[in-house]
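Okay, so here's the structure we're looking at.
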Amino acid sequence: MNKKIALPLVGALFAIISVALVYFGNPGNMGLCTACFLRDISGGVGLHGGPSYIRPEIIGIVFGAMAIAMIRKEFAPKGGSSPATRFIIGACVMIGALIFLGCPTRMLLRMAGGDLNALVGLPGFALGIFGGMFFIKKGFTLKRTYNVAKTDGFSLPFIMVLLLIALLAVPGILSLSEAGPGAMFAPWGMALGVGLLIGAVGFVTRLCFVAGIRDSFLFKNFYMLSAFVALLVVAVIGNIITGQFNLGWDYQPVAHGDWLWNFLGLMLVGFGSVLMGGCPFRQVVMAGGGNSDSVAAVFGMIFGGAVAHNFSLASSTAGLGENGVAGFAVAMALLLVIAVANTFFNKKGAN
């Protein structure tokens, strides 16, 4: 299908699914939020005491991407492109997302729900992407990937199977929230099913919330951006129809009104996402498609969720966490060191 038609349709599909998931139980304006859901999984396996649940949407995305990759004969496990560095970047991206309270997907969904605080995050997200593009243009690289053992490609799907079995058969071994956002969820079958669909579509279209802004400025290619415009428009309509639209700054679900930290949180997300080669959603899709470097980034995000909650870096509806300023400073410093080192001091022997 022509990209001019396909990508807006994908955006509309994301919107319909997201609105439906909230209507059937997910937290407000959080139909699909990769960062939030990875954070919940981190809590679900006992890594922190914040919102905790094994989100079937993430499991579905991983298996949807894997299935379509295998059907299209594109499942080719690869890795070896600075996995440890990608792990650290993933953790930093998660800290930024939890300062803002959402990934780029949720930024759009919050806007579509009428949350004007998310509008403040958008220019921060764009600024972070521009910062990452500066280093990309100067030669930033984490070096090439190599073919790896197939067991590496199946590592994340295997773990996701274990998590799904635990959720459905032995939930008592998990640390699941009894109140708050972690205790709000759509029926597991529905969540898993739409995850499978979104994972497959995301793999085929290479949908990435960073690429939409990056490509529009670098290459004047607005195809990916059209998906996000469609997502926003259709989600607004869906929220109005289902009574979930609340225009304003106050009383927004799982959000805070600190403009500065909404801006800076997503700036951190945008910068880190460029460095690791895609937004959180894209990393989960690539991990499902066999990319073990993306698996490292996903594990980094899960770890980052634990760090953010255990050390009070994450925001709440009351505002920035107690140690949020220090968390942001450390995460940004780490990203800048990685960017500079892999742009100007890591040329020798690059492949």
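Observations on the structure shown:
- Those chymotrypsin sites (Phe, Trp or Tyr not before Pro) in the range 1-95 that DSSP places in a loop and that have at most 13 other beta carbons within 10 Å: Phe24
- Gyration tensor verdict on the range 45-185 (Cα atoms; rounded if a/c is under 1.5, prolate if a/b is larger than b/c, oblate otherwise): oblate
- Convex hull per residue volume in Å³, alpha carbons only, for the range 3-344: 117 Å³
- Helical mean residue ellipticity (222 nm; -39500 (n - 2.57) per DSSP H run of 4+; nearest 500) of the chain: -21500 deg cm²/dmol
- Using only the C-alpha atoms, the convex hull of the range 108-262 corresponds to 184 Å³ per residue.
- The distance between label points at Ala183 and Lys138 comes to 4.9 nm (points 7 Å beyond Cα on the Cα→Cβ vector).
- Among the listed pairs Lys4/Lys150; Lys73/Lys220; Lys137/Lys220; Lys73/Lys137; Lys73/Lys143; Lys150/Lys220, those with a Cα-Cα distance over 27 Å are Lys4/Lys150; Lys73/Lys220; Lys73/Lys137; Lys150/Lys220.
- Loop trypsin sites (Lys or Arg not before Pro), the range 275-351, which have at most 14 other Cβ atoms in a 10 Å radius of their Cβ (DSSP): Lys347, Lys348
- Using the Cβ-Cβ distance between Asp215 and Tyr251 with R0 = 51 Å, the FRET efficiency computed as 1/(1 + (r/R0)^6) comes to roughly 0.90.
- At least 18 Å along the helix axis (C-alpha) and Kyte average at least -1.0, DSSP helices within the chain: 3-23, 56-71, 83-100, 117-137, 155-169, 188-205, 223-241, 259-276, 292-310, 324-344
- Listed by chain and number, the aspartates and glutamates placed with their C-alpha closer than 19 angstrom to that of Lys78 are Asp152, Asp293; residues fewer than eight positions away on the same chain are left out.
- Neighbours of Phe37, meaning other residues whose beta-carbon lies under 12 angstrom from its beta-carbon, give a summed charge of +1 when Lys and Arg score +1 and Asp and Glu score -1.
A short reminder: the numbers here are calculations on the coordinates, not readings from a lab. Keep in mind it's a predicted model, so treat the numbers as computed, not measured. Glycine also receives a Cβ, built like all others from the backbone with ideal geometry; neighbour counts cover every protein chain displayed.
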